[in-house]
Amino acid sequence: MRTLITTSGKNPSGKIEDIMKCFSEAHELGFWLDIEAPDEADYELLEKKFKFHPLTIEDIRHQDQRPKVDDYENYNFAVLFVAGLNGDDIKLMEHHLFVGPNYLITVHQEPSGELKELQERLHKSPELAHGKPSFITYLAIDTLVDATFPVLDKLDDEVDALEDEITDRATQQALTRIYNLKHTVSELRRFLGAQRDVFQRLITHGIHLQQQDMTLYYRDVYDHMVRQYETADSLRDLLTGAMDVYLSTVSNRLNETTKALTVIASLFLPLSFLTGFYGMNFAYLVTVLESPYLAFALGVATMVVATLIQLYFFRRRGWI
Amino acid sequence: MRTLITTSGKNPSGKIEDIMKCFSEAHELGFWLDIEAPDEADYELLEKKFKFHPLTIEDIRHQDQRPKVDDYENYNFAVLFVAGLNGDDIKLMEHHLFVGPNYLITVHQEPSGELKELQERLHKSPELAHGKPSFITYLAIDTLVDATFPVLDKLDDEVDALEDEITDRATQQALTRIYNLKHTVSELRRFLGAQRDVFQRLITHGIHLQQQDMTLYYRDVYDHMVRQYETADSLRDLLTGAMDVYLSTVSNRLNETTKALTVIASLFLPLSFLTGFYGMNFAYLVTVLESPYLAFALGVATMVVATLIQLYFFRRRGWI
Amino acid sequence: MRTLITTSGKNPSGKIEDIMKCFSEAHELGFWLDIEAPDEADYELLEKKFKFHPLTIEDIRHQDQRPKVDDYENYNFAVLFVAGLNGDDIKLMEHHLFVGPNYLITVHQEPSGELKELQERLHKSPELAHGKPSFITYLAIDTLVDATFPVLDKLDDEVDALEDEITDRATQQALTRIYNLKHTVSELRRFLGAQRDVFQRLITHGIHLQQQDMTLYYRDVYDHMVRQYETADSLRDLLTGAMDVYLSTVSNRLNETTKALTVIASLFLPLSFLTGFYGMNFAYLVTVLESPYLAFALGVATMVVATLIQLYFFRRRGWI
Amino acid sequence: MRTLITTSGKNPSGKIEDIMKCFSEAHELGFWLDIEAPDEADYELLEKKFKFHPLTIEDIRHQDQRPKVDDYENYNFAVLFVAGLNGDDIKLMEHHLFVGPNYLITVHQEPSGELKELQERLHKSPELAHGKPSFITYLAIDTLVDATFPVLDKLDDEVDALEDEITDRATQQALTRIYNLKHTVSELRRFLGAQRDVFQRLITHGIHLQQQDMTLYYRDVYDHMVRQYETADSLRDLLTGAMDVYLSTVSNRLNETTKALTVIASLFLPLSFLTGFYGMNFAYLVTVLESPYLAFALGVATMVVATLIQLYFFRRRGWI
Amino acid sequence: MRTLITTSGKNPSGKIEDIMKCFSEAHELGFWLDIEAPDEADYELLEKKFKFHPLTIEDIRHQDQRPKVDDYENYNFAVLFVAGLNGDDIKLMEHHLFVGPNYLITVHQEPSGELKELQERLHKSPELAHGKPSFITYLAIDTLVDATFPVLDKLDDEVDALEDEITDRATQQALTRIYNLKHTVSELRRFLGAQRDVFQRLITHGIHLQQQDMTLYYRDVYDHMVRQYETADSLRDLLTGAMDVYLSTVSNRLNETTKALTVIASLFLPLSFLTGFYGMNFAYLVTVLESPYLAFALGVATMVVATLIQLYFFRRRGWI
């Protein structure tokens, strides 16, 4: 699905002739061509009409790239990712960008709500582009980069919820969730790091993409990327810490359980011994000679005293 | 709220005409304009009168930046943070600085006791500024940087208190506090690191802000930043160690509890067996034939001997 | 075993005269000579005829090198590895490459399915080489590098399977497997890192191997290497996390077991005490005076109530 | 307290006139002025007479600096630390050095045995200085750096002693000591690292301090610093490992304790059951009908057999 | 003990006159002088005759250096280490090398089997040196570096053996061995890293030692060093993992022990209760009224059923 936006505000249909007309009008008119879920016709357009390098066409076909910027003679080819969440799993959506002197071509498989929205804003108010193709490029890249923020916010919320859950319950499910979330965050962090590095190279080495007058704006985008990376880094630290807290909580509970066992055993084992003692056959002979009521009272008293001593002892240790 | 301080010691009100007069007097008079909790009028002043770049105005409006220094044609724009504590959570207060040839403009949302105090000192003794705007800038930056020290000292005290608590009691609450403090300190460390790096770039690359004659002074400020970062780093190490100590303490306690259980069980299970043995029906037949008193004495003797053997054994192992 | 492929599509036998003819034909004809399991004749060919440096011949003889690229006056000597799996152990297969102006010579001990397949494809369709020896070199290196992907995929599957197994069963065997897999992945990661660094130097410094017109293609190969390294890195992280999960799972289970023990002991120790109490000799005297049936009912009632109280208590704690 | 040493061997008193005379004698005579526990007169001397920069005077007054070297127009200002031990806590003693063309001024708060000793040696044999102020500077710095070695040796001994203690006893006290020592060593390591970096910058950038002809000697001092840093690094590793060993030892012991409990419970619970069984009321009826002696023998035999089976089982498992 | 080898194959005795003659023969003849366990005469020879810098002489006297290369006007001074094993402890044997235009002087305290062997080979076949002193230097350095390989192989074997031992037995001794081995390997790794860095600087900066025509050969030696470092690094990883496996194994065992205890307690505590129940005094009254045989059968049946239910339950949980 092709969408064509021009800096002039005129938005012709995405027909190939129209596109090529924009392309050939000697930099007089800037345009942005967005291709969603490209088919063979699109690949052919890019390769035959625009004459992009076969390697870049192959990259678009195969997907599964890393963030990168390659510079060719007349254009730059960039791969940027937008992170999405699919339950706890991360979904990285590839976006390919061809940036030439007066055009931007974006190619992506899945529909991108953010780009769509930007296109509509540009439709309604073409003055947003300041009449410069470089400004459209900035707007598109800025939009793509900022699209990852909601994902980080969502992960942050989940980690917060998980932290509370751990100290409360420390179930095996919580452990599995920490592990999965950590996996997700590590992956996200790695990809954000790679994207940031690519972007830094872009700013420092100043390739086509980064028209001189846009430097200040791209510095801003770069700052956003650094913040995203740092957030992912911080989430990862939190999850590592959560794993430790989980382990400590489980240990703590084991201690509580063992204390309970010890208290029960300490209370009743001596009592059982006493009942056994008074139940011995010769003990019977001994005690039966005197008043059975006194003997009974004595027996019960022994037990009560033993129990009280133990309870005092447990309380001093803080076990009950 | 605008406050205006000039190097001459004359402190006109914060009216826009006065400010612009200082600004336009061709570097003859240096001034420091402090804007607290800026409103639309302030934003307009900065954008329309001072003609600062729209991006920097946007940064000020949105807050939530990272420490940075951007250089524009006629001025530098710096973002510095002051750390504050809100219970165990850290509160980073953004300060935006515009540094021009003869002026410093500071913008911040929350009131800053430290800057207020500096302004009063400059009011009373204008000679502190040595009549140079660059010296005011140094004083303001030095004040902002040093404002983070008390926070570090407070964290240090809390970590110390926590350490003592852990080995004493090792409660689940202590664990949660370690975790939260570690989170706070990590965040603080990350931000101090970023701030330090920004500042180093500042010193090394020598942009406007750092007037040639102030280099020595800024090197001093940089040293303070390095010390702050190292303190945060050291606190983080301590907390990581505290987590390990916590885990070990819990394990140790579990061991103590289990020892207690084992001692109790070892003492009373054999005794119970003996009472049971002497309580068996045929045992009754056997023992009753002879002197019941002797039998009783024998039974009790067996128990005492068994108990003494065990107590000896436990003491040798160091369990009691 | 020698295999000779030429850019012209004519594929003479691997006789030494034929090879030397290709070699001496003043760059008119490019060729690729593949030597599998070299014998003395091959070593002599390389040393005496091609006059390669004795050090490189020694490297080929001894194997056990690291990934590297050395540049000699007329050729480059590169060592690349292909990873294979042998159960859970990794097998690194060394490949030595001599790259000259119009030739590529590959030497390896073990048969390489991937190179064989490439040779057959070049046999059938010589136009694949674009008539340039540099393109054959690219194809061979690309093939060798990509041959490691299936190994990474296989490891990825095993790690996934292991993760599920751990939380299910957490056996000692699973632990040993994690440890072994981690060892394997660490080794793989180290070697992929070294290979990537070597390749980067290759691209950046531009030695013979990387003929100017192939730069774009080698950048692609480099991207594959980076992805391989990152995958290994990610697997390592996963396995480290799996170790922690394993430990937590074992702790959790210990807790469950101890809970079961505590429940059993807490239920039956008091009951045993009660039966012992009612079995005491004087207790007999006391109770037998009144209705034995009432006494029995009372005894059983005490036990039932004690048990119910305990069950309620356990349920509230979530133990049963 | 001022001490004045000159290269000529003449050692005038520390009176200000004498010092200033040495200072002004146009590099003809080199001298070393050592100021211990400086008072206002000393600060004034440094600021008014020597005209050192106010910032350096402030540094001396406030102490609490980091290792650093600043270069001013006519002299270098260096901050070096000597580590001392105060129980398990580390005490860092600051030393400030002013190094000019023909003089060295050292300022420190606490008495320094090492410097004192060096001064006495220079008193007795002025030829040690080779008549060059630069050589005195070298000797002083070498002395200060080497003064940290005994501290490292002492820490090394303590860590060794601690290691033996852990595997023997693994008390809570040992844990606290590991933690404290690790804290101390980390701090020491951080400061040694900073000092080493400062010194490297000194050697590489070659500021005044390092007179050309002394380069070889300072390289030696630098090597000592690197060795100190590596020792601290190694101690830190050892202590981290000791923490792990501690945890493992505690776990191991818990296992031993639990084994003991299991053995005891496994031996006596079945025995108690058997005594209980033979003590049942109807069991009495059953067994009493026949020979009570046989019944008794049978009962005891059952118990002995049960115990033997269990003992065999425990030995096979290696528990007893 | 002095040994003198010349490139010409003539090997005069180690008398000082002979050595000095070789030295002064204006680079016509290259020689290698090996000094083992130097005494005062040797130190004097080096300092007075060869006029080496006093600092290097001091280094040789004091030993305890780090790997390093210092360049002096007419020669290079290098410190290389050979690792040996002394039980589980590592022994680093220092070798000092003076490398001049036409000579190599090696100084070491302990006898070095590897150098001895090389000397004998050079005696027998002087053509090995290609008549060049630089080649002798290469051979000596190569020999010294490769002498560390057997130590690494031995450590590798020990780590392998230890791994098997841990999962089998997990004794406290094994833990201590892991700890000691890790210490050894860390130390070895640190020293190999330092040695590698020194050597890299040697190759990159190209000081005297590395005569232009030997570059290719030294690159080979450097590759060996990198491999040694990587092996030590890998051993360290393995030992860290072994520590984790140890801890997990102990935890696992604790779980097994606790399971055994729980099974025993769960089987016999209810049985004891039942025997106690049937042994109660009033129970006797109740049951004795009817058929004692039926009562006995009923009692035993209750016990058997209770036991069977429990056994079924344990099997389902996989405990027995």
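The values are calculated or read from the model by the stated rules, or taken from the named source; none is laboratory data. What you see is a predicted model; the values in this text were computed from it and never measured. Cβ placement follows ideal geometry from the backbone for every residue including glycine, while neighbour counts extend to all protein chains displayed. For the accessible areas, the whole protein counts, side chains as well, though only heavy atoms, and no ligand, DNA or RNA atoms are used. Shrake-Rupley method; radii C 1.70, N 1.55, O 1.52, S 1.80 Å.
Numerical summary
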item	result
Per-region count, the stretch E:250-276, residues of a type in the set (Val, Ile, Thr) and facing chain C (nearest Cβ under 7 Å)	2
Neighbours by Cβ (under 8 Å, 6+ apart or cross-chain): first from the stretch D:170-188, more than 16 Å from D:VAL245 (Cβ to Cβ) and in contact (Cβ under 8 Å) with a residue 60 or more places away in the chain; second part of a helix (DSSP H, G or I) and not hydrophobic (A, V, I, L, M, F, W, C)	D:GLU187/B:SER234
Unmet criterion (only one of (1) outside any helix (DSSP H, G or I); (2) open to solvent by 10 Å² or more (accessible area, probe 1.4 Å)) for E:LYS116	(1)
Strands (runs of 3 or more DSSP E) completely within the stretch B:48-106 that count 3 or more residues being away from chain A (no Cβ under 14 Å)	B:76-86, B:89-99
Some residue of the stretch D:21-38 being outside any loop (DSSP other than H, G, I, E, B), at pLDDT 85 or above and out of contact with any strand residue (DSSP E or B) (no Cβ under 8 Å at 6 or more places or on another chain)	no
Scope the stretch B:103-162; condition among the small types (Gly, Ala, Ser) and closer than 21 Å to B:MET225 by Cα; matching residues	B:SER112, B:GLY113, B:SER134, B:ALA140, B:ALA147
Residue match in the stretch B:40-53 (condition: open to solvent by less than 10 Å² (accessible area, probe 1.4 Å) and within 30 Å of B:PRO150 (Cα to Cα))	no
Complete set of residues in the stretch C:268-287 that are closer than 18 Å to A:MET303 by Cα and at pLDDT below 70	C:ASN281, C:PHE282, C:ALA283, C:TYR284, C:VAL286
Subset of the stretch B:168-178 [in a helix (DSSP H, G or I) and either surrounded by 19 or more Cβ atoms within 10 Å (Cβ to Cβ) or under 18 Å from the mean Cα position of the chain (by Cα) (or both)]	B:ALA174, B:LEU175, B:THR176, B:ARG177, B:ILE178
Any hit, the stretch C:79-101, residues being farther than 22 Å from C:ARG201 by Cα, open to solvent by 20 Å² or more (accessible area, probe 1.4 Å), touching a residue at least 24 places away in the same chain (Cβ under 8 Å) and out of contact with any helix residue (DSSP H, G or I) (no Cβ under 9 Å at 6 or more places or on another chain)	no
Qualifying residue in the stretch C:132-155 (condition: open to solvent by 30 Å² or more (accessible area, probe 1.4 Å) and more than 30 Å from C:VAL185 (Cα to Cα))	yes
Single match in D:TYR229, D:TYR246, D:TYR217 (criterion: at pLDDT 85 or above, open to solvent by 40 Å² or more (accessible area, probe 1.4 Å) and of a type in the set (Ser, Thr, Tyr))	D:TYR229
Condition check for C:ARG189: open to solvent by 10 Å² or more (accessible area, probe 1.4 Å), of a type in the set (Lys, Arg) and within 14 Å of chain E (Cβ to nearest Cβ)	yes
Where C:GLU290 falls short, out of the listed (1) modelled with pLDDT under 85; (2) at the interface with another protein chain (Cβ under 7 Å from one of its Cβ atoms)	(2)
Members of the stretch C:29-39 that are loosely packed, with under 12 Cβ neighbours inside 10 Å and either within 14 Å of chain E (Cβ to nearest Cβ) or touching a residue at least 60 places away in the same chain (Cβ under 8 Å) (or both)	C:ALA37
